[in-house]
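Visitor: My structure is below; once you've seen it, I'll send some questions.
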Amino acid sequence: MSETKDVLILAIESSCDETAAAVVKNGREVLSNVISSQIELHKLYGGVVPEIASRKHIEKINQVIEEALEEANVTLDDVDAIGVTYGPGLVGALLVGVAEAKAIAYAKRKPLIGVHHIEGHISANFIENKELEPPFICLVISGGHTHLVCVKDYGEYEIIGRTRDDAAGEAFDKVARAIGLGYPGGPKIDKLSKEGNPDAITFPKAHINDAPYDFSFSGVKSAVLNYINGCQMKGETFNQADVAASFQKAVTEVLVENAMRAVDEYDMKKLAIAGGVASNSTLRQAMKDACEKKEIEFYYPSPIFCTDNAAMIGVAAYYEYLKGTRHGWDLNAVPNLKLGER
């Protein structure tokens, strides 16, 4: 491959409740990024219903891919490879994307590249921060994952911390439901907490002695639920905004503390955050302040690249493509795929 040839990746993402397709050029330039969200549909149930998500992906996927190609002004023949999320995620939802990617790759005789969803989230930072290159520490905080990762090189990761129970995003959703905000919880708590006092209630922060980088959010979630139940049993009202702000503070402080400890111990000068919860304004500000104090470069994607999208999958697929990663027709959905597995 000559140095001058552009590499175009068509990427597909369907791991949860967003059907997404994108065309990415040379790993850093997003030519199109089309996302069909199902949030309104799942709101009725207070969370994602896997069966409904899978059906919606089947309905939307061709349309989303056509739109992505049209917006990028390319055809399937122009594309060099097909990248697709194959795990982790909801198995039925993942299967829709994987089957689609295999069909296109087979019909058009294009290389097929399976991408790890968390690798995609980490790679989202490369889109707008053209100067960012490994090594760096990345905190991935999404609905189902809280990972502290040392990004040693493109596609080379060491997980240094992970959640033992609820991911931060899950805790946000459960607390939002408990205080009557509904789904999706993250953005609603972020908004409401601006009206509350973060020091009104002291919620616990879990630290795991034998694993200083690991996270646990089920304790703080339970503490919030107990606080609300206690108020209700005594016939007292509680301030929604204060509960939201105090809960958010407890979660944010743990995330910031663990990230800063990792930066110190691994002697890194760069920290990135990624995933849906990375668009939380309180968390961003707290991380920014902590990084400024330590004179560390801080990176984060725009909100559109924090939530599930295919552009980030296209970026990750590009670096896998350069490394020679290719998957066969036996590529399958792996709902509990670990980072670093192939």
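Values quoted throughout were computed directly from the atomic coordinates according to the rules given, and no laboratory measurement underlies them. All values reported here derive from a predicted model rather than from experimental measurement. Backbone-built Cβ (ideal geometry, glycine too); neighbour counts: all protein chains shown.
Visitor: Which of the residues that make up the stretch 1-30 are of a type in the set (G, A, S), touching a helix residue (DSSP H, G or I) at 6+ places or on another chain (Cβ under 8 Å) and assigned to a loop (DSSP other than H, G, I, E, B)?
Guide: The answer is S14, S15, G27.
Visitor: When you scan the stretch 111-137, how many residues do you find that are more than 18 Å from the chain's Cα centre (by Cα) and touching a residue at least 40 places away in the same chain (Cβ under 8 Å)?
Guide: 6
Visitor: So for the stretch 77-85 (the condition being in contact (Cβ under 8 Å) with a residue 12 or more places away in the chain and among the hydroxyl-bearing types (S, T, Y)), does at least one residue qualify?
Guide: yes
Visitor: A follow-up question, please. Taking the stretch 229-255 as the search range and keeping residues that are of a type in the set (D, E, K, R) and within 22 Å of T146 (Cβ to Cβ), which one is surrounded by the fewest Cβ atoms within 10 Å (Cβ to Cβ)?
Guide: Across the stretch 229-255, the extreme among qualifying residues is E253.
For every residue, the table says whether it meets (1) in contact with a His (Cβ under 9 Å, 6 or more places away or on another chain); (2) within 17 Å of V23 (Cα to Cα); (3) touching a residue at least 40 places away in the same chain (Cβ under 8 Å); (4) not polar (S, T, N, Q).
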| residue | (1), (2), (3), (4) |
| --- | --- |
| A290 | no, no, no, yes |
| S302 | no, no, yes, no |
| N309 | no, yes, yes, no |
| A316 | yes, yes, yes, yes |
| K323 | no, no, yes, yes |
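Visitor: What residue, among those in the stretch 98-144 that are outside any helix (DSSP H, G or I) and among the polar types (S, T, N, Q), is surrounded by the most Cβ atoms within 10 Å (Cβ to Cβ)?
Guide: Here the residue is S142.
Yes/no matrix, rows are residues, columns are (1) among the aromatic types (F, W, Y); (2) under 23 Å from C291 (Cα atoms):
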residue: C138; (1), (2): no, yes
residue: C150; (1), (2): no, yes
residue: Y157; (1), (2): yes, yes
residue: I160; (1), (2): no, yes
residue: E170; (1), (2): no, no
residue: Y183; (1), (2): yes, no
residue: K194; (1), (2): no, yes
residue: N197; (1), (2): no, no
residue: H207; (1), (2): no, yes
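Visitor: Let me ask something else. Under the condition of being closer than 16 Å to S246 by Cα and among the aromatic types (F, W, Y), which residue from the stretch 179-228 is surrounded by the fewest Cβ atoms within 10 Å (Cβ to Cβ)?
Guide: The extreme case among them is Y227.
Visitor: Also, quick follow-up: Got a number for residues in the stretch 287-320 being surrounded by fewer than 19 Cβ atoms within 10 Å (Cβ to Cβ), assigned to a helix (DSSP H, G or I) and either touching a Pro at 6+ places or on another chain (Cβ under 6 Å) or hydroxyl-bearing (S, T, Y) (or both)?
Guide: Counting residues in the stretch 287-320 that are surrounded by fewer than 19 Cβ atoms within 10 Å (Cβ to Cβ), assigned to a helix (DSSP H, G or I) and either touching a Pro at 6+ places or on another chain (Cβ under 6 Å) or hydroxyl-bearing (S, T, Y) (or both) gives 0.
Visitor: Right, here's the next one. I'd like the residue in the stretch 31-73 that is of a type in the set (A, V, I, L, M) and part of a strand (DSSP E or B) and, out of all such residues, is farthest from A99 (Cα to Cα).
Guide: The residue in question is L31.
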